[in-house]
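Heads up, the thing below is written out as structure tokens.
Derivation of every value follows stated rules applied to the coordinates shown; laboratory data play no part. Since the structure is predicted, the reported quantities are computational estimates derived from the model, not experimental observations. Positions of Cβ are generated from backbone atoms using ideal geometry, with glycine treated the same way; all protein chains shown enter the neighbour counts.
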Amino acid sequence: MSTHALGTALPETSPGRLLPLPPTMPQHTPAGVVGHTPMLWIGEPFCAPQRGFWAKLEGHNPGGIKDRTALYMVERARERGQLAPGAPVVESTSGTLGLGLALAGITYGHPVSLVTDPGMEPLMARLLAAYGAEVHTVTEPHPSGGWQQARRDRVAELLAADPAAYCPDQYNNPDNVAAYAPLAHELTAQVGRIDTLIVAVGTGGHSAGVTRTLRAFCPHLRVVGVDTIGSTIFGQPARPRIMRGLGSSIHPRNVDYGAFDEVHWVDPAQAVRTSRVLACSHYATGGWSVGAVATVARWLSLTRPATDRIVAIFPDGPQRYFDTVFNDDYCAEHGLLDHPLLDEPDEIADTRDRVVTRWTRCARVVDPRALVSVTAEEPAAPKSSHSSTGSGEERR
Ligand SMILES: Cc1ncc(COP(=O)(O)O)c(C=O)c1O
């Protein structure tokens, strides 16, 4: 047995000691402090005795997990000549990528325009403006593609208005996947062998990128995707969603369906309760996606073999959620505090069995684009070596 920062005993299933990471970038610039985020052991009382998981605290990046991909996408676009010096960057975002792009804009000298919708927290909009970004808010959802498609349409308008403007297109840009190789290397350096990885899925970038690199070290790795109810990513019909960050109302090509061994849809009440319990028990928490990921990680820490080494990626911290997840009035208004915390998910055999409305698991993941009629904008992805259903990461 060894001890972690809180001074309690770590079970033998945890590595006990984290390895220091070598610095790879000068740390005296804003971009230089991105990455090398800490790991925290989440054990008792959040998890059962002798059970737990490692949380990768991506909220310790200046903006969040998407600082990694924002910098990487901008750097590669500059290298390829797709983004000229001083030319504007335009992107659709619910916030976290916006923070990263603002950082990239400051680092490389590009004006940044971000398209969002009324669901963006006022705090986030102000923060983005403070970091020098121009924030455009769409006012009406697209009739079938929801707010996300409406945002993408507005991006297209802004791009048409300025031929020099560049859109990273986080949903389909393979650089959004490749950007996460260093995160996978950090995980292996910090934890060593990893048996189970739990990841939130929005554009699919970090789940695809981390899995691709990690499986070279841990071929047996079990990858568990976490989505929100009402999201289309894993084949459910689009419904109104209040959880931000994870989930989608389109089918981003960067989602690598073949990477996942199972998927969980988590409801907002469960995510809220879990984020709050996590805050009280371990001080490290976040918002919708952290609550959802931690919900699933806690359950897996009980149901996977005790020897499994489990890692969950926490994409950001709690700050932007003070007016939603951590606001009692907001939660009461949305009926999020009326439900007891669930200990286990419902189960469906096929992602299309029924519309899920609370935490549900499906152990069979398929690419919904292979099942529905394909549009010109969202072509089906080719098969990948790891996938029976196709991977979007090789194409844009
Ligand atoms: C807070 C948060 N969680 C999860 C995700 C999903 O990550 P990805 O887009 O890499 O799938 C995002 C993406 O923006 C996010 O901002």
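Annotations for the structure displayed:
- The alpha-carbon atoms of the chain define a convex hull whose volume equals 135 cubic angstrom per residue.
- Virtual spin-label span in nm between Ala189 and Leu302, 7 Å along Cα→Cβ: 3.6 nm
- Per-q log10 I(q)/I(0), segment 66-161, q = 0.13, 0.24 Å⁻¹ (Debye; single scatterer per alpha-carbon; no solvent): -0.42, -1.25
- Given charges at Cβ of Lys, Arg, Asp, Glu: segment 222-376 dipole, positive-most of Phe322, Gly287, Ala349: Ala349
- Shape call, segment 139-199: gyration tensor on alpha carbons, a/c limit 1.5: oblate
- In this calculation the C-beta distance from Ala216 to Leu159 is compared with R0 = 30 Å, giving a FRET efficiency of 0.25.
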